[in-house]
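Structure first, then comments.
The values are calculated or read from the model by the stated rules, or taken from the named source; none is laboratory data. A quick note: this is a predicted structure, and the numbers were derived from the prediction, not measured. As a convention, Cβ positions derive from the backbone with ideal geometry for all residues, glycine included, and neighbour counts pool all protein chains shown. Accessible surface areas use protein heavy atoms only, side chains included; no ligands, DNA or RNA. Shrake-Rupley method; radii C 1.70, N 1.55, O 1.52, S 1.80 Å.
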Amino acid sequence: MFVHLHVFYVDYIKYKKRNNSHFMLVDGMSTLMTENAKNCESMNFHAFGLRWKFNIRLDLVKDYLSAYLTIADEKCTGSNWGVTCWFNLSVISQIGDLDICTASVFSFDSNHVSWGVSSLISQEMLKQKFIVNDKAVFCAEITGVIPLFLNVIINTFSPTMGTAERVKLMKVPRNNSRFTWKITQFSSFSGESHSSYEFTCGPRRWYLEMYPKGYLEGKGNSLSLFLHASDFVSKAPVEATSAIYKLRVLDQHKRNHHEINTAHRFTSNTRWGFNKFLELGELHKASNGFLVNDAIYIGVEFLSMATREYL
């Protein structure tokens, strides 16, 4: 780790004097630039007593990287708040002093929690001058914060020391990307929900949870389906796991599966899925092949994952 990240540490020390900054080392840029990913979001960080995050995207403007800053503080709820600030969103050079940086001043409020730039750097320049060993470094720096809460300007927020994280993006090997759960005697299930056994994919264990008669707004009209994140396989110092994946109910006749693509950042023992995944009428329609001889196959396919750790 020290060898591969040496250049980043040098730059981090160099730039750390910039308070209220957060650095994001993205390890696996080739995965980010595939059809399945194209978006990478930082962990939450603090600046001037407020919580923020920023993300980079490669799917908003053709051939360009976009960058956005979002205010994510629990104090910023309702409508009686606003935060005006300067912020810089940058791509940090690992081999010289040529950084790409955009400076903006914006006012955040309940209608505008995110601001940024849609064309920070071309993908071609990014590949030629800023990606080293499949890694790139990005930075968000915030200054001149003027927070307004309940129509009162607060001037007591002090600067915050710079922070940094490493995001490791991974393609999931095809031979380990799928899990299928066969449920027999489906119509005889009692209880509100049922869970699969745990399986391992990437850095952690997972399981599926199914509500045969629906959950919340899906209750009585849909099958509800969720993916749960369980424990990590090892004690690696990761903070969260992002996953891009497909949830599906298999068509046992024609392989015309019902599936939905989704993405979520999982912390410990969290879940993400759909209250209205598949309408019960469609589930029980014989021609769809979802329920055959009172058996159903439910599955998940992982397309990519990302783990995070503070540096």
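Out of all the residues in segment 78-92, which are open to solvent by less than 70 Å² (accessible area, probe 1.4 Å) and either in contact (Cβ under 8 Å) with a residue 40 or more places away in the chain or not assigned by the TED database to the domain that holds VAL61 (or both)?
TRP81, GLY82, VAL83, THR84, CYS85, PHE87, ASN88, LEU89, SER90, VAL91, ILE92
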Of residues in segment 210-260 being polar (S, T, N, Q) and assigned to a loop (DSSP other than H, G, I, E, B), the one farthest from PRO173 (Cα to Cα): ASN221
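Residue-by-condition table, conditions (1) in contact with a strand residue (DSSP E or B) (Cβ under 7 Å, 6 or more places away or on another chain); (2) part of a loop (DSSP other than H, G, I, E, B); (3) aliphatic (A, V, I, L, M):
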{"position": "LEU60", "(1), (2), (3)": "yes, yes, yes"}
{"position": "LEU69", "(1), (2), (3)": "yes, no, yes"}
{"position": "GLY78", "(1), (2), (3)": "no, yes, no"}
{"position": "VAL83", "(1), (2), (3)": "yes, no, yes"}
Within segment 247-262, restricting to residues that are crowded, with 16+ Cβ neighbours inside 10 Å and touching a Phe, Trp or Tyr at 6+ places or on another chain (Cβ under 8 Å), the one that is farthest from LEU311 (Cα to Cα) is GLN252
Output the number of residues of segment 34-75 satisfying the condition of being open to solvent by 20 Å² or more (accessible area, probe 1.4 Å) and over 24 Å from ALA243 (Cβ atoms). 9
Could you please give the count of residues in segment 63-112 that are of a type outside the set (A, V, I, L, M, F, W, C), modelled with pLDDT under 85 and over 20 Å from LYS129 (Cβ atoms)? 7
Are any of the residues in segment 16-33 of a type in the set (Lys, Arg), modelled with pLDDT of 80 or more and surrounded by 14 or more Cβ atoms within 10 Å (Cβ to Cβ)? no
